[in-house]
Amino acid sequence: MEFVVGDMSINTVGTDGDDRAIEFLVARRGDAEEVHFVIHRDHDQGWEAARLTVDPRAGGVPVAAVEWAVEFAREYL
């Protein structure tokens, strides 16, 4: 699924099959470079134990994209 948030395009790439993780690709509109990150959550633990994994080559993820992704993940994980 693709979502537009401000000047960013956020794509959900998929889940891990057990619905414990969602992968995201983020790109600024008009920019070919994408940032890849994953939000992980173990169902046995609360959101306080959720983790964010960022592709080491990304250099960084826009905070607004992470905020949006966390809200999205709360609905689906």
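Remarks
- Helix content alone sets the calculated 222 nm mean residue ellipticity of the chain: runs of n ≥ 4 DSSP H residues at -39500 (n - 2.57) each, divided across all residues, give -6000 deg cm²/dmol.
- Of (i) 3, 11, 9, 10, 11, 9, 8, 7, 7, 6, 6, 5, 4, 3, 1, 0; (ii) 3, 17, 26, 23, 16, 10, 5, 1; (iii) 3, 16, 29, 26, 15, 8, 2, 1, 0, the label for P(r) over Cα pairs in 5 Å bins from 0, in percent derived from the coordinates: (iii)
- The chain: angle of helix 63-76 to the longest principal axis, Cα-based, in degrees nearest 10: 40
- With all protein chains in place and ligands, DNA and RNA left out, the 1.4 Å accessible area ranks Arg41, Arg28 as Arg28, Arg41, largest first.
- Where the chain is the region considered: accessible area per residue in Å², 1.4 Å probe: 64
- The Cβ shell under 15 Å around Val63 holds other residues with a net charge of -2, Lys and Arg each +1, Asp and Glu each -1.
- Here the chain is treated with +1 on each Lys and Arg Cβ and -1 on each Asp and Glu Cβ, and its dipole about the Cα centre works out to around 160 debye.
- Computed over protein heavy atoms with a 1.4 angstrom probe, the accessible surface ordering of Thr12, Thr53, largest first, is Thr53, Thr12.
The values are calculated or read from the model by the stated rules, or taken from the named source; none is laboratory data. Predicted, not measured: the structure shown is a model, and the values here were computed from it. Methodologically, a virtual Cβ is constructed for each residue, glycine included, from the backbone with ideal geometry; neighbour enumeration extends over all protein chains shown. Just so you know, the surface numbers come from the protein's heavy atoms only, side chains and all, with ligands and any DNA or RNA stripped out. Shrake-Rupley method; radii C 1.70, N 1.55, O 1.52, S 1.80 Å.
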